[in-house]
Each structure stands twice: as C-alpha cells, then as structure tokens.
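Structure record follows, encoded as structure tokens.
Each reported figure results from applying straightforward, stated rules to the coordinates on display, with no laboratory input. As the structure is a prediction and not an experimental result, all values here were calculated from the model. Methodologically, a virtual Cβ is constructed for each residue, glycine included, from the backbone with ideal geometry; neighbour enumeration extends over all protein chains shown.
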Amino acid sequence: MSRPELEAPKRRPEDPRALLPAIEPERRVTDWGRSERVEQFFDRSLYDFLYHYWFRCDVEGIENVPDTGGALLVSNHAGALPPDAPMIVKAIKEEHPRPRPVHLTVEHFFKGYPFFSMLVQKIGGVPAHPANVHRLLHDEQELVLVFPEGRKGTEKLYKDRYRLRRFGRGGFVASAMKAGAPIVPIAVVGAEESMPTFAQVGILQRLTGLLYFPITPTFPHFGLLGFVGYLPAKFRIRFLEPVPTDNLGAKPWEDEGLVQTIAEEVRARIQEELIDMLAERRSVWLG
C-alpha cells in the first residue's frame, strides 16, 4: 500500500448519526445511564398506583405527541417534589397508540446529591444542557420533556398556584429550532394541590443542605418521608397542538427576538389552557 493511501484522511459520513453506537437490543442500560430494570421497578411499584388510583389521571390530546421523530415536550411545573414529570411519562406509555420513552432534562444542582442524582439518571433524567437536548432530538429522534420554569416552579407557593413563572431565556425554543423538532405544550392540573408549598424557610435550607426547605401538609413534621406524602388530587393532563420549528427559515435560533416570541407564545398557550381547565374543574379531589 502506497504512503499517500496510508496518510489519506478518513471520510466522515454524510449523516453524523452513523457515528453513534449501534443499538444493542440485549442491553438493559442506555448510553445515558437509563436502566430498564430500575425504570420498570418504579413503574410497577409506584407510578402505576399513582397514575391509576391515587391521582386518577385524565389525559387529553395524546394524539398531539408524534409517533416518530424528535419532539420537545414543554409543561408547567409545581409541587415541593413534583409528581408531574412521572405522570406525563406514564400518560404517554399508557395512552399513546405507539408508546415511546421520554427523556427528562434535570437541573445541574442534583449533582450535589450523589444517590439522588444517580437514581434520576437511572429513570431517564438527562443533565439540562443544549448539547444533550440536541443529540436526543436530532440525532436519536427521541422525546424530551422540559420544564422551562425550572426551580422557580417547584419553589412556588400555594397562593401563586397555576401562575406560570417566566420561561427563562427561551433556550428550549432554540434547541428545538436547531433540531427542527416540534414543540408540544402540555398543561397539567392537580400537581399544585398534590404537594402544596405554604412557605419556604431559607435559613433551614442552608442548615440542612436540602435543595430547599418547604412547609407542606406532610413536611417537615413527617420527616423526609413527608416529601413523598402526596395528597390525592385529581390530575388532568392535556397535550396541546404542536408548534412547528422547521419552517422558520435558515438558522432561526440566531434571531433572539423570534426565540423569545415563540417562548412567550408557548407559555401563554399553557397559561390560557390552565385557566380553562381550572374553570371546568368542579373539585380538586374529584375533578
């Protein structure tokens, strides 16, 4: 073999997805650290009970979740230890004609809690970083669930229930644009009452090292177990019509004004839907 042939650079494939590891059906843990066994354990022992019997979830608009391709699911967020994420994931698994796994983006402050951060990863959590979201949406064509309110949503007091906080700087919109993936807004009613927060005690949060120190109906007087003491509020989960992002021209994510506009439009749609759902609700506990 001649020297020029030896030194010739290797050609990169036209589709970068060809560089990803091949799917191995026998694997029980994904490249993201997601464990099928751990996920099934929680699904059968906890989520199934909460979804069907405790929260008695009603789901609408599940057909708005795409059967194939990447899509960014965007929802409101609330509760001292929010149950909305697992219930949304469970709704897609139970109600969708073609159930698909959902990856949940989580804040980086979870890294300070070794056991908890490992558990979140095992059940589908992925660090909230644009590169991770892009790979999941564009390269792996997966569903990704984000809560743009972030920590501000979980720290929200009961008196401010169902009043959406600002959706950050619209980073989730830019991620969807870069991947050419649709945004599916989701409105969830019930999470605010399942674990309402009546106050936040900053000094105790600093002393205990917890993410925050809320006063709820079950915490702190029931200890750490109070963090999973959900009240049986009736859940309603409504998936809204997707917002396309692949028809906005070349590199729309570079237009900060457009990104902010779409982010605010998604927030407004969810807020309006929440108001309508609350107006239709007869009882917190019966729906």
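Which peptide among 181-187, 230-236, 60-66 comes first, and what is the full order, when sorted by highest mean count of other Cβ atoms within 10 Å?
Details: 181-187: 23.9, 230-236: 20.6, 60-66: 16.9.
So the peptides 181-187, 230-236, 60-66, ranked by packing, come out 181-187, 230-236, 60-66.
Label sites at residue 43 and residue 203, each approximated as a point 7 angstrom past Cα along Cα to Cβ, lie 4.7 nm apart. Mind running the shape call on region 231-287? Use the C-alpha gyration tensor, a ≥ b ≥ c as the square roots of the eigenvalues: rounded below 1.5 for a/c, prolate if a/b tops b/c, oblate otherwise. Cα axes put region 231-287 in the prolate bin.
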